[in-house]
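Single-structure report; data block below.
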Amino acid sequence: MNTKKRILDEALTLFAQKGYGNVYVGQIAEAVGIKAPSLYKHYKSKQDIFNAILDEMKDRYDRQTAALNMNGSDAYTDADIFGAVSEDGLVEMGIGLFSYFLHDEYVCRFRKMLTLEQFHNSELSRLYTKQYADEPLNYQATIFSILCRGEVLKKEDADIMALHFFAPIYMLLTICDRHPERETESLKMLERHIRQFSRIYKETTRG
């Protein structure tokens, strides 16, 4: 791992352990094994490091969703994919993304940092809401709206459908964060959730 990547890795570890506000550039440099002036050759500030962590998060997510043959961010692109996928395929995609968010160490540390900071830093609190509520709900609501119009799904309130779909998944993720030993039961519950959601909202009169 090159120095720039090591700086991000050590910084994120410290942010997850102590909270973003309690970590200083000198501590990050010490964890990497370099002096602060050397760190500034790579990043201008702690905020610059944080922005680079966000970029790395996006790159990792894009690679994961590409491996699952989906875009992951563009709902209009993914609507066609979700409209054509079987129930088994939907379960496979759901479990794949759930496992990624649960087990990718980078993602886990980032989520832990936001969990710690949500009551202390208003900017990071907004980011937490954006990352784990607003963006996924908007993305899924757009997909469901398109599929309702295309008569793939029943014509229901797409915003509520997104809430029905996403909220249990996020709850299972947070349970596993606190209780890793419950992963197996959570994965079984996740599959049951996805299959029941499909049965409830799938348009059976189509075709």
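Descriptive notes on the structure:
- Tallying residues that are assigned to a loop (DSSP other than H, G, I, E, B) and of a type outside the set (S, T, N, Q) within the stretch 178-207 yields 4.
- Of residues in the stretch 43-78 being of a type in the set (S, T, N, Q) and in contact (Cβ under 8 Å) with a residue 40 or more places away in the chain, the one surrounded by the fewest Cβ atoms within 10 Å (Cβ to Cβ): S73
- From V32, V85, V25, residue being surrounded by 15 or more Cβ atoms within 10 Å (Cβ to Cβ), under 30 Å from C148 (Cβ atoms) and of a type outside the set (K, R): V85
- Residue within the stretch 97-118 that is under 28 Å from A16 (Cα atoms), more than 14 Å from the chain's Cα centre (by Cα), free of Cβ contacts under 8 Å to residues at least 24 places away in the same chain and surrounded by 13 or more Cβ atoms within 10 Å (Cβ to Cβ) present: yes
- Unique residue being in contact with a Gly (Cβ under 8 Å, 6 or more places away or on another chain), assigned to a helix (DSSP H, G or I) and within 24 Å of L127 (Cβ to Cβ) when the list is Q64, Q27: Q64
Taken together, the values in this text are just the output of simple stated rules run on the coordinates, not laboratory data. This is a predicted model, so every value here is computed, not measured. All Cβ positions, glycine included, derive from the backbone under ideal geometry; neighbour counts span all protein chains shown.
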